[in-house]
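Student: Below is the structure I would like to discuss, written out as structure tokens.
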Amino acid sequence: MSGTYLGMPPFPQAAAVSTKNTRLRANLTHATHTIRDKRAAAVRELPDWARLRAAGAAVKDRTLRHLDHYLEQLEAAVTAAGGTVHWAADAREANRIVTSLVRATGETEVVKVKSMATQEIGLNAALEAAGVRAYETDLAELIVQLGDDLPSHILVPAIHRNRDEIRDIFRERMADWGRPAPEGLTEEPGVLAEAARLHLREKFLRAKVGVSGANFMVAETGTLVVVESEGNGRMCLTLPETLISVVGIEKIVPTWQDLEVFLQLLPRSSTAERMNPYTSMWTGTTDGDGPRTFHLVLLDNGRSDTLADTVGRQALRCIRCSACLNVCPVYERAGGHAYGSAYPGPIGAILTPQLRGVGSELDASLPYASSLCGACYEVCPVAIDIPEVLVHLRERVVQGGEATVRGVRTRIRPAKGHAAERAAMRAARWALDHPRTALRAGQLLAARTRRFHPRRLPGPGRAWTASREVPAVPAESFRDWWQRERGGKVTR
């Protein structure tokens, strides 16, 4: 499994390829429509959903405003409960910490419960380079790993695969990673799940080290929370002797009362369930119960820089429910791999460019991976205004300007390829600032030459008109029509 998305092409190029894959589009359409319909029914059951959503956003905003305080409180609580806390400024430091902790145990295998933070930092590849093999135990993550693939969805990483493809992957690759697939394996869901269960059971019983993420961390007690649907998380969190959890610093909530809000919001928005089948919680270590050693790696990796952006910081509210992916027309057609990030879809389009910056072609293209229809904002359980952040990041890409990079306030240069756009916007601003002269002259010229206007633009405008025609210019402007029909005075 690659473990890295760096070096992938910009979104428009990747999407141009994926949208031609009819099987991919069929798989995504079926899956996303099914999930979002079930979610809508689950949400309608709660008459106070809007108030829960507002409460979730308020708790997250309050926590982010005082993040330093709550992180220190969490560290003290985890330490008092017998755990050890490590601070990782970036992916390299986090990988170094986890690798050294695994090596200290003398083990060469770890079992993992699905963790987007470890995907973000490329932990599997770092462990492999150190001679340690990481086994994914979430069913969808197992499919992705066996297929030498990359996740394409936050909740259902193998959403781009159908049952026939999964059967073939199990038949061909399971033996390379452990117990082979049973003879006569079919594409029936129950049969595939049983093959995965048998394959993973021996790993659960043998592994001495587990690696996890966490959905939430409760500052007041140092408790970590993982919610999942299969039970693999429970096995990873309880059977190994050593547990290492890699968690983004934004996953913290102040109190158990705050946690209650999110345990209502998350399952209905993600799996359309009233509550998750498995909600695992652990606080440090306890003699005779669970792992004997617990390490918590708190990951920054661009989150502090994101926090410094008063508009973009709302992306840190995200609870990884994937509701925005399931309603996004762009994601549905392009698929998750086109985003070149562990975080696909609308949330990835605003989170990744803030965590990684907009210096690469890929990251600079992500804020444009949206139609700005607003469906993502409507379903977000913590009211992240994704369209607002997308427009904000587009401005950063085109205009550059001040941003925080690795804790230092820096002036970012505009991305390449937007000089014509900037020139056009400056010209438009000047014309609009002079309505009686420049704007009116431009309108008259456009009206009188309208029969000669092309339907497709040349040069930089070619990309815009590749999928749409230039709007026809009316014979007269609205101001002229108003003056002629109503006799009104044209004012500025």
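Student: For the structure I just gave you, tell me whether THR271 is modelled with pLDDT under 95, open to solvent by less than 70 Å² (accessible area, probe 1.4 Å), hydroxyl-bearing (Ser, Thr, Tyr) and within 28 Å of VAL110 (Cα to Cα). Even if it seems obvious, please write down each step before you answer.
Tutor: Working: modelled with pLDDT under 95: yes; open to solvent by less than 70 Å² (accessible area, probe 1.4 Å): yes; hydroxyl-bearing (Ser, Thr, Tyr): yes; within 28 Å of VAL110 (Cα to Cα): yes.
Answer is yes for this residue.
Student: Also, I was wondering about something else. Given the options ARG413, ARG426, ARG409, ARG450, name the one that is exposed (fewer than 12 other Cβ atoms within 10 Å of the Cβ) and more than 30 Å from ASP90 (Cα to Cα).
Tutor: Numbers: ARG413 fails: more than 30 Å from ASP90 (Cα to Cα); ARG409 fails: more than 30 Å from ASP90 (Cα to Cα); ARG450 fails: exposed (fewer than 12 other Cβ atoms within 10 Å of the Cβ).
Every option except ARG426 fails the conditions.
Student: Given the conditions (1) closer than 25 Å to ASP148 by Cβ; (2) in a helix (DSSP H, G or I); (3) of a type in the set (D, E, K, R), and given that ARG53 satisfies all but one, which numbered condition is not satisfied?
Tutor: All conditions are met except number (1).
Student: From the set of residues in the stretch 96-118 that are open to solvent by 20 Å² or more (accessible area, probe 1.4 Å) and under 23 Å from the mean Cα position of the chain (by Cα), which is modelled with the lowest pLDDT?
Tutor: Applying the filter and picking the extreme gives LYS114.
Student: Just checking, how many residues over the stretch 186-242 are surrounded by 16 or more Cβ atoms within 10 Å (Cβ to Cβ) and on the phi > 0 side of the Ramachandran plot? Explain how you work it out, then say what you get.
Tutor: First pass over the stretch 186-242, keeping only residues surrounded by 16 or more Cβ atoms within 10 Å (Cβ to Cβ): 191-192, 195-196, 199-200, 203-204, 207-230, 232-237, 239-240, 242.
From what's left, on the phi > 0 side of the Ramachandran plot: 222.
Total meeting the criteria: 1.
Student: Also: From the list ALA181, ALA140, ALA175, ALA134, which residue is more than 24 Å from SER341 (Cβ to Cβ) and open to solvent by less than 30 Å² (accessible area, probe 1.4 Å)?
Tutor: Values: ALA140 fails: more than 24 Å from SER341 (Cβ to Cβ); ALA175 fails: open to solvent by less than 30 Å² (accessible area, probe 1.4 Å); ALA134 fails: more than 24 Å from SER341 (Cβ to Cβ).
Exactly one residue qualifies, and that residue is ALA181.
Student: Ok, one more. So if I check each of ALA57, ALA31, which one is at pLDDT 95 or above and either out of contact with any helix residue (DSSP H, G or I) (no Cβ under 6 Å at 6 or more places or on another chain) or surrounded by 15 or more Cβ atoms within 10 Å (Cβ to Cβ) (or both)?
Tutor: Details: ALA31 fails: at pLDDT 95 or above.
Only one candidate passes the filter, namely ALA57.
Student: Moving on to the next point. When the residues of the stretch 320-341 are filtered to those that are open to solvent by less than 10 Å² (accessible area, probe 1.4 Å) and of a type in the set (A, V, I, L, M), which remaining residue is nearest to the chain's Cα centre (by Cα)?
Tutor: Among them, the one singled out is LEU325.
Student: What are the residue pairs meeting all of these: first residue in the stretch 459-475, first residue among the acidic types (Asp, Glu), second residue open to solvent by 40 Å² or more (accessible area, probe 1.4 Å), Cβ atoms under 7 Å, and 6 or more apart or on different chains?
Tutor: Partner pairs satisfying both residue conditions: GLU469/ARG455.
Student: Continuing with the same structure: Which of the residues belonging to the stretch 455-474 are exposed (fewer than 12 other Cβ atoms within 10 Å of the Cβ), touching a helix residue (DSSP H, G or I) at 6+ places or on another chain (Cβ under 9 Å) and of a type in the set (A, V, I, L, M)?
Tutor: ALA463, ALA472
The values are calculated or read from the model by the stated rules, or taken from the named source; none is laboratory data. All values derive from a computational prediction rather than experimental measurement. In this analysis, Cβ positions are derived from the backbone assuming ideal geometry, glycine residues included, and neighbour counts consider all displayed protein chains. Side chains included, ligands, DNA and RNA excluded: accessible areas come from the protein's heavy atoms. Shrake-Rupley method; radii C 1.70, N 1.55, O 1.52, S 1.80 Å.
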